[in-house]
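Notes follow the structure.
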Amino acid sequence: MKIAFFGSQPYDRRFFDEALSSQPDASSIELVYHNALLSQETAILALGANAVCVFVNDVLDATVLAALHDYGVRAILLRCAGYNNLDLPAARRLGFFVARVPAYSPEAVAEHTLAMVQTLNRHTHRAYARVREGNFSLDGLLGFNLHGKTVGIVGTGKIGLATARIFKGFGCTVLGHDPYPSTHFAPLGAMVDLPQLLAASDIVSLHCPLMDSTRHLIGPATLPQMKRGAMLVNTSRGGLIDTGAVIEALKSRQLGSLAIDVYEQESSLFFHDHSSDIIDDDVFQRLMTFPNVLVTGHQGFFTIEALREIAAITFHNLDCFRHGGDCGNSVA
Ligand code: NAI
């Protein structure tokens, strides 16, 4: 059984090799790591593999899926939760086994969300640089108490719930919005509709999946509904935000600050070192000019616990593909 990894990084190798060594049938499994993202051009690398293992920015459209099928691939193992990069009907038509890792560590993303909020709010990133330069001035580092603030959680699934619990611990009033509300949210706060949530929240944190119905959920129509000066946080998927509209809202001061771990056009930037390159994404570069914008490169999931769990669940999914049976994580 050969598995071709796309978009693989040194940490993928470390945690997948570690997990492989504890598989009872390890000697019958070969892991082949490719750095390249999966695309029409790179799909050929899967020739001879039984399965591909892919991440958030690999392209799994109908053309790529057809090519993979031609090359003999029969299983798609997503080493992530979201699958907006997959053409699901095409995968079904071609009879692929598709499984994901629906919940490896909601806390990893929730804790990163809070790290971003407090970095942006208390300016610890600027303080760190200043103090190392011997500059102990506090000018420009003024923040606000989280205690007593209202936080709107859009999407009260696993990560939204974990995030809501932490905000609750800070003494915030928590509001939730979700078309399929979870009963677990009730002890944390009230469920409201989106306009109500946007109007009442000092911080809006996005935790819903990217789908046609949620693309640009935050855009020209919804930004004016937000409390003036509020903070917007997106650790879910870049496409939830209309970046151009958000830039206008930052310029007009309607939006007070922005923290994003994900970006609409991230696939050409994130997970690689571009420090010696000229970045020709002008929208991204405009974002970088704002002192009240904080961007991290899709690292919400990036904890030891989460990577161990991702590898373990992916091997469980592989086992179901090989031996049949419902793995509970099937997508197609
Ligand atoms: P989940 O499936 O447990 O929860 C998603 C929730 O969003 C569900 O309750 C669903 O009903 C709700 N929802 C659907 N449409 C909505 C809408 N229009 N408005 C509000 N809520 C809506 O998913 P989970 O595990 O909480 O993950 C959420 C998202 O986080 C994933 O879709 C993924 O995009 C992102 N993610 C980001 C990571 C990172 O490293 N930054 C890592 C893992 C996931």
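Which of the peptides 190-202, 272-284 is most tightly packed, and how do the rest follow, going by the mean number of other Cβ atoms within 10 Å of each residue?
On the way: 190-202: 17.2, 272-284: 10.2.
Highest-to-lowest ranking by the protection proxy: 190-202, 272-284.
Treat every Asp and Glu Cβ in the chain as -1 and every Lys and Arg Cβ as +1, leave all other atoms uncharged, and give the resulting dipole magnitude about the Cα centre to the nearest 20 debye.
Numbers: 25 positive and 32 negative charges, 185 e Å.
I would put it at about 880 debye.
Relative to the present Cα-Cα distance, how much length would full extension add between residue 126 and residue 23 at 0.36 nm per residue of separation?
Details: separation 103, 0.36 × 103 = 37.08 nm, distance 4.53 nm.
Between residue 126 and residue 23, full extension yields an extra 32.5 nm.
So if I place +1 on the C-beta of Lys and Arg and -1 on the C-beta of Asp and Glu, and nothing else carries charge, what would the dipole magnitude of segment 204-331 be about its Cα centre? I want it in debye, nearest 20. Walk me through the intermediate numbers first.
Details: 9 positive and 15 negative charges, 121 e Å.
Using only the charged Cβ atoms, the result is roughly 580 debye.
Looking at segment 38-83, what % of the alpha carbon pairs are farther apart than 18 Å? Don't jump to the answer; show the numbers that get you there.
Numbers: 155 of 1035 pairs.
When all Cα pairs of segment 38-83 are counted, 15 percent exceed 18 Å.
Per the Kirkwood formula on distinct C-alpha pairs, the Rh of the chain is how many angstrom?
Working: mean 1/r = 0.0472 Å⁻¹.
Radius from the Kirkwood sum: 21.2 Å.
Give the distance, in whole Å, between the Cα centre of segment 292-318 and the Cα centre of segment 11-62.
16 Å
May I ask you to give the percent of accessible area on the chain that is carbon plus sulfur, with a probe radius of 1.4 Å? Could the numbers behind the result be given before it?
On the way: 8180 of 15270 Å².
Carbon and sulfur: 54 percent of the exposed surface of the chain.
Hey, if you drop one equal point scatterer on each alpha-carbon of segment 106-295 and run the Debye formula without solvent, what base-10 log of I(q)/I(0) do you get at q = 0.10 Å⁻¹?
Values returned for q = 0.10 Å⁻¹ are -0.40.
If you place +1 on the Cβ of every Lys and Arg and -1 on the Cβ of every Asp and Glu, how big does the dipole about the Cα centre of segment 106-295 come out, in debye to the nearest 20? All intermediate terms of the calculation are to be shown ahead of the outcome.
Numbers: 15 positive and 18 negative charges, 165 e Å.
Computed about the Cα centre, the dipole is about 800 debye.
Pairs on different chains or at least eight residues apart, Cα atoms closer than 18 Å: how many lysine pairs in the chain fit? Spell out each step's value before the answer.
Details: 149/168; 149/227; 158/168; 227/251.
Pairs that pass both the separation and distance tests number 4.
For the chain, what is the accessible area per residue in Å², given a 1.4 Å probe and the full set of protein chains? All intermediate terms of the calculation are to be shown ahead of the outcome.
Working: 15270 Å² over 332 residues.
Result: 46 Å² of accessible area for each residue.
Under a 1.4 angstrom probe, counting protein chains only, how are 59, 54 ranked by accessible area, largest first? The partial results should precede the final answer.
Details: 59 60, 54 0 Å².
Largest accessible area first, the list is 59, 54.
Take the alpha carbon atoms of segment 52-107, find their radius of gyration, then divide it by 2.2 N^0.38 Å using N residues; give the quotient.
Details: Rg = 11.2 Å, N = 56, 2.2 N^0.38 = 10.2 Å.
In units of the 2.2 N^0.38 Å rule of thumb, it is 1.10.
At most 12 other Cβ atoms within 10 Å plus a DSSP loop assignment makes a site exposed; report the longest stretch of the chain without any exposed GluC sites (Glu not before Pro). Walk me through the intermediate numbers first.
Values: sites that count: 41, 133.
Formally, the longest exposed-site-free interval is 134-332.
The values are calculated or read from the model by the stated rules, or taken from the named source; none is laboratory data. Small disclaimer: the values here were computed from a predicted structure and weren't measured. Reconstructed Cβ throughout: ideal geometry from the backbone, glycine too, with neighbour counts over all protein chains shown. Note: accessible area is taken over every heavy atom of the protein model, side chains too, but ligands, DNA and RNA are not part of it. Shrake-Rupley method; radii C 1.70, N 1.55, O 1.52, S 1.80 Å.
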